[in-house]
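Participant: There's a structure below that I have some questions on.
The values are calculated or read from the model by the stated rules, or taken from the named source; none is laboratory data. This is a predicted model, so every value here is computed, not measured. All Cβ positions, even for glycine, are placed from backbone atoms using ideal geometry, and neighbour counts span all protein chains on display.
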């Protein structure tokens, strides 16, 4: 198991600084993406098209950040030839920013649904679910980033576990909204906007879970993707 | 610009072999994923639940392949400390397999819709669109993998350009299906199964485009994500 200061113990002060900067750039990108998700949800539930437009605009900055951090990773790999836990950090960062960028994309998609809803009028249902599931995936994203900052595999595990709850609540919200559409076909188009936004929130939960899995790899060197929550918990327990 | 034999010119024959194997594992995983997409579409349009079940089962092999290729990449980075175009190949592989795995996930989602449709009865609309858009994203996936195998940035550019066509056709199919649901609310649930499958196909197109962008990076060292098709075409033209 490695600790969060493991990457600043090199003889080269410059290398220490580069690794610190890499980490802090990821957290900076994470902060941007958290704001995007928050604003996208807000723009939808408040029917605030100006806010939704700003989410669409700001997605560009998230993309720029992804490309720039990827360049940083490639440079460190080429010039520093990191090994062991340093290499793991760089690989984790490279995967994590892909997920962060996708979370940003989903926020942009939610903002687009928000804009359509300000044009067509509010949907008759689904806002409670958007708020509720929205709160949960925002929390998951922020917890996954905290777990990354602190190399905290146990918190990361909790994020992955929470994704299952979100998936269940998403399915139940979907069933309800489909039933509602059948009863009120005139609202189909607007309810679909809500459904797409919910789908994006559910995807954000998936990406937060991915980041959490990267953090477990970073901390313990064990790739826990695709092995199921039970085995994942066993691995984290065993390493404690 | 690098050519496809650039990674087999090392003094170390073992390193040459490792790089060749890495490439061929990606293509093997690509072949698996292509089959998954093909079978998923087939299971949906033919209402073949046995085939759909086999797609769900086979997704596990795709996941295993992703984890194993990622380990290969980490090993090469740690032991060979590759530079320049070798490093680019490893980074490209690492990103490409993430997209391949996601394509596999989308195929699995299509198979799940197929199973629901064999239970609830065929949808009244949408099969023509599934076939048509399905053919296109299958072709895009296979062309992106060919471009990877041949380090062919021009073919990769063509894949990215085709994604725009698919997105337009997807939007037009969606509008039609929403209109149909309003006219025939009893079919909402089944038409939604088709809509989810179409959404998955559209996502497969996005991932094929991502792979194409990785190939352009691999060939020219230029990161062309998020810069738009026009600029991407200019870069590829300039390097020809």
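Participant: So, in region B:136-150, how many residues would count as being closer than 14 Å to residue B:93 by Cβ and surrounded by fewer than 20 Cβ atoms within 10 Å (Cβ to Cβ)?
Facilitator: Residues in region B:136-150 being closer than 14 Å to residue B:93 by Cβ and surrounded by fewer than 20 Cβ atoms within 10 Å (Cβ to Cβ): 1 in total.
Participant: Report, by residue number, each residue of region B:1-45 that is assigned to a loop (DSSP other than H, G, I, E, B) and surrounded by 14 or more Cβ atoms within 10 Å (Cβ to Cβ).
Facilitator: Answer for region B:1-45, where residues must be assigned to a loop (DSSP other than H, G, I, E, B) and surrounded by 14 or more Cβ atoms within 10 Å (Cβ to Cβ): B:2, B:4, B:10.
Yes/no per residue for (1) within 12 Å of chain B (Cβ to nearest Cβ); (2) over 18 Å from residue B:196 (Cα atoms); (3) in contact with a helix residue (DSSP H, G or I) (Cβ under 9 Å, 6 or more places away or on another chain):
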residue	(1), (2), (3)
A:161	no, yes, yes
A:164	no, yes, yes
A:168	no, no, no
A:174	yes, no, yes
A:186	yes, yes, yes
A:189	yes, no, yes
A:194	no, no, yes
A:203	yes, no, yes
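Participant: Here are the criteria: (1) surrounded by fewer than 21 Cβ atoms within 10 Å (Cβ to Cβ); (2) closer than 19 Å to residue A:227 by Cβ; (3) over 14 Å from the mean Cα position of the chain (by Cα); (4) touching a residue at least 12 places away in the same chain (Cβ under 8 Å). Tell me which single one residue B:65 does not satisfy.
Facilitator: Just one mismatch for residue B:65, condition (1).
Participant: Next question, about the same structure. So residue A:124 ticks every box in (1) at the interface with chain B (Cβ under 10 Å from one of its Cβ atoms); (2) touching a helix residue (DSSP H, G or I) at 6+ places or on another chain (Cβ under 8 Å); (3) surrounded by fewer than 18 Cβ atoms within 10 Å (Cβ to Cβ) but one. Which box is left unticked?
Facilitator: Against the list (1) at the interface with chain B (Cβ under 10 Å from one of its Cβ atoms); (2) touching a helix residue (DSSP H, G or I) at 6+ places or on another chain (Cβ under 8 Å); (3) surrounded by fewer than 18 Cβ atoms within 10 Å (Cβ to Cβ), residue A:124 comes up short only on (1).
Participant: Let me ask another. Residue B:228 fails exactly one of the following numbered conditions: (1) in contact (Cβ under 8 Å) with a residue 40 or more places away in the chain; (2) under 30 Å from residue B:95 (Cβ atoms); (3) surrounded by fewer than 20 Cβ atoms within 10 Å (Cβ to Cβ); (4) out of contact with any helix residue (DSSP H, G or I) (no Cβ under 6 Å at 6 or more places or on another chain). What is the number of that condition?
Facilitator: Of the numbered conditions (1) in contact (Cβ under 8 Å) with a residue 40 or more places away in the chain; (2) under 30 Å from residue B:95 (Cβ atoms); (3) surrounded by fewer than 20 Cβ atoms within 10 Å (Cβ to Cβ); (4) out of contact with any helix residue (DSSP H, G or I) (no Cβ under 6 Å at 6 or more places or on another chain), the odd one out for residue B:228 is (1).
Participant: Still on this structure: Do we have residue A:233 as over 18 Å from the mean Cα position of the chain (by Cα) and either away from chain B (no Cβ under 13 Å) or under 30 Å from residue A:114 (Cα atoms) (or both) here?
Facilitator: Answer is yes for this residue.
Participant: Further question: Among the residues in region B:182-190, are any under 18 Å from residue B:229 (Cα atoms) and either in contact (Cβ under 8 Å) with a residue 40 or more places away in the chain or buried (at least 24 other Cβ atoms within 10 Å of the Cβ) (or both)?
Facilitator: no
Participant: Another question about this same structure. State all residues of region B:80-115 that are more than 23 Å from residue B:216 (Cα to Cα) and modelled with pLDDT of 95 or more; if no residue qualifies, say none.
Facilitator: Within region B:80-115, B:105, B:106, B:107, B:108, B:109, B:110, B:111, B:112, B:113, B:114, B:115 meet the criteria.
Participant: Give region B:76-85 a look and list any residue that's surrounded by 13 or more Cβ atoms within 10 Å (Cβ to Cβ) and out of contact with any helix residue (DSSP H, G or I) (no Cβ under 7 Å at 6 or more places or on another chain), or say none.
Facilitator: Here is the first cut: in region B:76-85, the ones surrounded by 13 or more Cβ atoms within 10 Å (Cβ to Cβ) are B:76-78, B:80-82, B:85.
Listed by number, the list holds a single entry, B:81.
Participant: Out of curiosity, is residue A:111 more than 12 Å from chain B (Cβ to nearest Cβ) and either more than 22 Å from residue A:33 (Cα to Cα) or free of Cβ contacts under 8 Å to residues at least 40 places away in the same chain (or both)?
Facilitator: no
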